[in-house]
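Input: a single structure, listed below in structure tokens.
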Amino acid sequence: MLKDFFITCSGADKKLLETCSEGEQTKFVGIGATVFFTAVMAFIAGSYALFTVFDNLWAAVFFGFVWGLLIFNLDRFIVSTIRKRDSFSAEFIQATPRIALAIIIAIVISKPLEIKIFEKEINTVLLKEKNAMALANKKEVANYFQSDLDKNKSQVDSLKSETVRKEKEVNALYATYIAEAEGTKGTMKLGKGPVFKEKIAKHDLARSEFEALKKTNDAKIADLEAKNKTLQADLDKKVSETQPVIDGFDGLMARINALNSLPWLPSFFIMLLFLAIETSPIIAKLLSPKGEYDFKLQDMETALQTTILQDVHQRGLLLRTTNGMNDKVYADIADDREIFNKQRMGVKTLMEAQSERFIEKQKQTL
């Protein structure tokens with residue numbers, strides 16, 4: 001049963017192959033097994049690749065199965081359409097487009113499996129890329145809010161500086177009227193004289209201005225700091241909203257690009273392995289001599305071709321002979337006087353009827 005299945009996979013004529021030797025049948029069993037297991041590997045590779053796209057197991061398995069059937073049909077078609085010829089160059093020219101197609105199929109099959117084999121290394125590369133993208137995203141979002149943050153910060157610093165300057169001015173006036181009272185500066189007289197009262201009045205005025213200014217500036221600073229907190233919250237929210245997009249940077253194309261950033265030699269050898277598997281049935285057919293099956297198949301095809309050519313030739317002879325006979329028959333009929341007179345009377349009757357009909361139409365128009 002397994003032998004019949006692999007022979008079916010090889011695309012060979014089962015009835016014709018049953019008349020061949022056991023060795024010839026074994027050769028086609030091997031070709032069919034290669035075609036079948038290549039389709040199995042295509043199913044596995046396609047399912048994994050589509051799983052990274054759909055992120056759904058059943059959808060990936062279904063489309064992977066369809067992909068495996070497609071590869072199976074292509075491989076079976078490629079192998080079954082190669083015919084052994086008397087010249088190797090003619091066989092190679094015949095097989096060249098099929099080999100090119102097999103190479104494309106091998107590359108397509110091998111790439112998802114390479115991604116699976118080097119999954120840990122690819123995950124490391126993707127982690128580095130995600131971290132770099134997260135930092136770049138945070139920097140970009142921060143740059144978007146930075147102008148407002150810087151503007152608010154400069155306003156806060158300006159208000160604080162203004163308050164500090166006014167406080168220094170009040171402290172200086174305080175030191176002045178104290179020194180006047182102690183007699184160490186100013187009029188150099190101990191006690192609270194008119195100058196002292198003037199200086200303390202000036203200090204009190206400046207102090208009241210300072211307190212009013214401080215109250216106003218503190219309110220403005222509190223408002224600006226609240227705006228800064230709102231901007232910072234918006235910044236953090238924007239970063240958190242865009243982070244899932246970066247975390248989802250794990251699709252098929254991202255993994256292929258990550259695979260390309262790894263050393264190429266291991267991936268190249270895996271691709272060569274699948275290339276060898278995919279092209280082995282074609283190469284085996286090219287290199288193997290004509291077998292019993294090939295001779296019998298050629299005999300059947302040439303017999304059918306000869307029969308068709310004979311039928312076409314006989315139909316041509318029959319057509320030419322029939323045309324010649326018809327020409328002679330109609331020539332003899334043309335010389336028959338009785339048929340001529342009968343045809344003449346019929347034409348005369350028809351012309352008389354046409355003439356009468358013409359006269360009636362003419363009268364109607366008058």
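Coordinate-derived values only; no laboratory data. Here the structure is a predicted model, which is why all the values come from computation and not from measurement. In this analysis, Cβ positions are derived from the backbone assuming ideal geometry, glycine residues included, and neighbour counts consider all displayed protein chains.
General observations
- In terms of its C-alpha gyration tensor, region 308-365 has an oblate overall shape, because the principal axis ratio a/c (a ≥ b ≥ c, square roots of the eigenvalues) is not below 1.5 and a/b does not outweigh b/c.
- Each Lys and Arg contributes +1 and each Asp and Glu -1, all at the Cβ; summed about the Cα centre of region 8-109, the dipole is approximately 180 debye.
- Scanning the chain for long hydrophobic helices, with DSSP H runs required to stretch 30 angstrom or more by C-alpha along their axis and to average at least 0.0 on the Kyte-Doolittle scale, returns 22-54, 57-80, 88-117, 264-287.
- The distance separating the Cα centre of region 63-78 from that of region 290-366 comes to 52 Å.
- Signed unit charges on C-beta, dipole axis of the chain, positive-most listed residue THR176, THR34, ILE117: THR176
- Reach of LYS363 by Cα under 26 Å, taken over lysines that are not fewer than 8 positions away in the same chain: LYS348
- Averaging the sequence gap over all C-alpha pairs within less than 8 Å and six or more residues apart, then dividing by the number of residues, gives the chain a relative contact order of 22 percent.
- Cα centre as origin, Lys/Arg/Asp/Glu Cβ charges: region 308-365 dipole, Debye: 220
- Alpha-carbon Rg with Dmax, taken over region 227-304, Å: 29.3, 94
- Cross-link table LYS168/LYS227; LYS151/LYS214; LYS151/LYS220; LYS3/LYS296; LYS27/LYS111; LYS27/LYS296, entries beyond 18 Å C-alpha to C-alpha: LYS168/LYS227; LYS151/LYS214; LYS3/LYS296; LYS27/LYS111
- Test item: Cα-centred dipole of the chain, Lys/Arg +1 and Asp/Glu -1 on Cβ, debye: 1340
- Quick note on region 225-365: its Rg to Rh ratio, both from C-alpha atoms and Rh being the Kirkwood radius, is 1.62.
- Counted by Cβ distance under 14 Å from THR321, the other residues give a net charge of +2, where Lys and Arg count +1 and Asp and Glu count -1.
- Within region 218-307, none of the chymotrypsin sites (Phe, Trp or Tyr not before Pro) combine a DSSP coil assignment with at most 11 other C-beta atoms in a 10 angstrom radius.
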